[in-house]
Amino acid sequence: MKVIHYIASIDKSGGGTTEYMRLLGKVLKNDMTFSIATGISKDPIVIEGVPIKFFNNKLVRWFSLMKEYRTFLQAEDPDIVHINGIWSPQNWGFQNEAQKLGIKVVVSPHGMLEPWILAHNPLKKRIALFLYQKMAINRSVCLHATAKMEAENIKALGFKNPIYIIPNGIYLRDVKKIKENYGTKKMIFMSRIHPKKGVEMLIDAWRTSNTEDWTLEIAGSGEQEYVAGLIQSVEDLENVRFVGAKYGEEKWDFLRSADVMVLPTHSENFGIVVAEALAVAVPVITTHGTPWEDLEIHKCGWWIDLSVLNLEKTLLKVFNSSNMLLEMMGKHGRELIIDKYDIKRVGKKMVELYNTI
């Protein structure tokens, strides 16, 4: 079987979806002819053993770009094209050219149909839905959601396509060691720094809490002006630091340095950083905007409604937790990832999906 995944960008700054492509490539390349088509970016990730075709995706060269897509697809002749993400005209264009050639298309919205996302820049999204996006989704053979919550939100919008729920995962071989020493009294945030991620609410809760000798380190990259404003807002807080983006082994070291990881996001279709923290045995705080009810079920973190007050209450619980309790929660989280979110299991489910269609 030959499958091409299309994604607008695999730049390191792309966050969870870019990491998902790297992890999926690691396992699917062993089961099929797997390649990626994407746009040129400043700092793309490297995926060993996976062919990557880069396109100059500028909209001003639309007709030339569509011709390049078509020529590429004709030469590759894949059985399936898998589109990652929506709203981008380029995503739709690649899908459209594939379907003109009779190629089956699977679409993964990757959270881009979640209520919080639809409520932001709603006019642009209504226009996109009318012009091309609704038709593109309807014409796909099936949709891929990463959690039951995402699937339900897609159905609520009236889409009738079959929806297959396959979570994101963690390549456990990337985790060279797990956390051993608890008591650092460090809490970390690690994600793309964007208004969706709730960093401002976290800072507000931290400011009004008795943080004592705890520290908060915020890792990630984002729009320069927005990040600068956040940094300026914490100048009076001695125990809050912005530490930049973390990649590779530095990322895993950073996760292991924490007693707790927090992702106070408004909306995530999965939230791969949650799985990464649990994989190294670090408990997690996240919100009902993510599909991480497992944190409560498996007693490895806190799953809360997002508000400053709820963050304050949860911070208090963390600060009052013993090192032994945090270690036990971390152990439960590690077991959860091994049992349910190993990328090898995810890869097998994806292969089953492709064979089904």
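The values are calculated or read from the model by the stated rules, or taken from the named source; none is laboratory data. Just so you know, these numbers come straight off a predicted model, no measurement behind them. Cβ sites come from the backbone with ideal geometry, for glycine too, and all protein chains shown count toward neighbours. The area values use the complete protein model at the heavy-atom level, side chains included, leaving out ligands, DNA and RNA. Shrake-Rupley method; radii C 1.70, N 1.55, O 1.52, S 1.80 Å.
Which condition does Arg207 not pass, out of (1) in contact (Cβ under 8 Å) with a residue 40 or more places away in the chain; (2) out of contact with any strand residue (DSSP E or B) (no Cβ under 8 Å at 6 or more places or on another chain), if it passes all the others?
Result: Arg207 fails condition (1) only.
Can you name every residue in region 61-87 that is open to solvent by 10 Å² or more (accessible area, probe 1.4 Å) and over 25 Å from Met32 (Cβ atoms)?
Those that are open to solvent by 10 Å² or more (accessible area, probe 1.4 Å) and over 25 Å from Met32 (Cβ atoms): Arg61, Trp62, Phe63, Ser64, Met66, Lys67, Trp87.
Which one is surrounded by the most Cβ atoms within 10 Å (Cβ to Cβ) among residues in region 155-205 that are β-branched (Val, Ile, Thr) and in a strand (DSSP E or B)? I'd like the intermediate steps shown before the answer.
First, pick out the residues of region 155-205 that are β-branched (Val, Ile, Thr): 163, 165-166, 170, 175, 178, 184, 188, 193, 199, 203.
In the following step, the residues that additionally are in a strand (DSSP E or B) were identified as 163, 165, 170, 188, 193.
Numbers: Ile163: 17, Ile165: 16, Ile170: 22, Ile188: 24, Ile193: 22.
Across region 155-205, the extreme among qualifying residues is Ile188.
Going by what's in this entry, would Val141 be described as within 24 Å of Met350 (Cα to Cα), modelled with pLDDT of 90 or more and open to solvent by 10 Å² or more (accessible area, probe 1.4 Å)?
Values: within 24 Å of Met350 (Cα to Cα): yes; modelled with pLDDT of 90 or more: yes; open to solvent by 10 Å² or more (accessible area, probe 1.4 Å): yes.
Against the criterion (within 24 Å of Met350 (Cα to Cα), modelled with pLDDT of 90 or more and open to solvent by 10 Å² or more (accessible area, probe 1.4 Å)), Val141 qualifies.
Somewhere in region 69-83, is a residue in a loop (DSSP other than H, G, I, E, B), of a type in the set (Val, Ile, Thr) and modelled with pLDDT of 95 or more?
Initial filter on region 69-83 (in a loop (DSSP other than H, G, I, E, B)): 77-79.
Now drop any that are not of a type in the set (Val, Ile, Thr), which leaves none.
Scanning region 69-83, I find no residue that is in a loop (DSSP other than H, G, I, E, B), of a type in the set (Val, Ile, Thr) and modelled with pLDDT of 95 or more, so the answer is no.
With the structure loaded, tell me whether Gly93 is in a loop (DSSP other than H, G, I, E, B) and either at pLDDT 95 or above or open to solvent by 60 Å² or more (accessible area, probe 1.4 Å) (or both) or whether it fails that test. Walk me through it before giving the result.
Details: in a loop (DSSP other than H, G, I, E, B): no; either at pLDDT 95 or above or open to solvent by 60 Å² or more (accessible area, probe 1.4 Å) (or both): yes.
When the stated conditions are applied, Gly93 does not pass them.
Could you tell me which residue of region 1-36 is least open to solvent (accessible area, probe 1.4 Å), considering only residues that are in a helix (DSSP H, G or I) and farther than 23 Å from Arg345 by Cβ? Write out each step before concluding.
Of all residues in region 1-36, those in a helix (DSSP H, G or I) come to 12-14, 16-28.
From what is left, the residues that are farther than 23 Å from Arg345 by Cβ are 12-14.
Details: Lys12: 78, Ser13: 59, Gly14: 37 Å².
Of everything passing the filter in region 1-36, Gly14 is least open to solvent (accessible area, probe 1.4 Å).
Inside region 238-357, counting only strands (runs of 3 or more DSSP E) that do not spill past its ends, which hold 1 or more residues that are in contact with a strand residue (DSSP E or B) (Cβ under 8 Å, 6 or more places away or on another chain) and touching a residue at least 60 places away in the same chain (Cβ under 8 Å)? Give the derivation first.
Numbers: elements: 240-242, 260-263, 284-287, 301-304.
Once the strands (runs of 3 or more DSSP E) in region 238-357 are filtered for at least 1 residues that are in contact with a strand residue (DSSP E or B) (Cβ under 8 Å, 6 or more places away or on another chain) and touching a residue at least 60 places away in the same chain (Cβ under 8 Å), what remains is 260-263, 284-287.
Pairs please, first residue from region 136-156 and of a type in the set (Lys, Arg), second anywhere and open to solvent by less than 10 Å² (accessible area, probe 1.4 Å) and modelled with pLDDT of 95 or more, Cβ atoms under 8 Å, 6+ apart in sequence or on different chains.
These pairs meet every condition: Arg139/Gln95; Arg139/Val105.
Which residues, counting only those in region 110-133, are more than 14 Å from Glu268 (Cα to Cα), open to solvent by less than 40 Å² (accessible area, probe 1.4 Å) and not charged (D, E, K, R)?
Of everything in region 110-133, those that are more than 14 Å from Glu268 (Cα to Cα), open to solvent by less than 40 Å² (accessible area, probe 1.4 Å) and not charged (D, E, K, R) turn out to be Ala128, Tyr132, Gln133.
Quick one: how many residues across region 102-119 are closer than 17 Å to Asn138 by Cβ, within 16 Å of the chain's Cα centre (by Cα) and hydrophobic (A, V, I, L, M, F, W, C)?
3
Limited to region 96-109, what total is found for residues that are open to solvent by 10 Å² or more (accessible area, probe 1.4 Å) and of a type outside the set (A, V, I, L, M)?
First pass over region 96-109, keeping only residues open to solvent by 10 Å² or more (accessible area, probe 1.4 Å): 96, 99-104.
From the residues that got through so far, the ones that are of a type outside the set (A, V, I, L, M) too are 96, 99-100, 102, 104.
Qualifying residue count for the region: 5.
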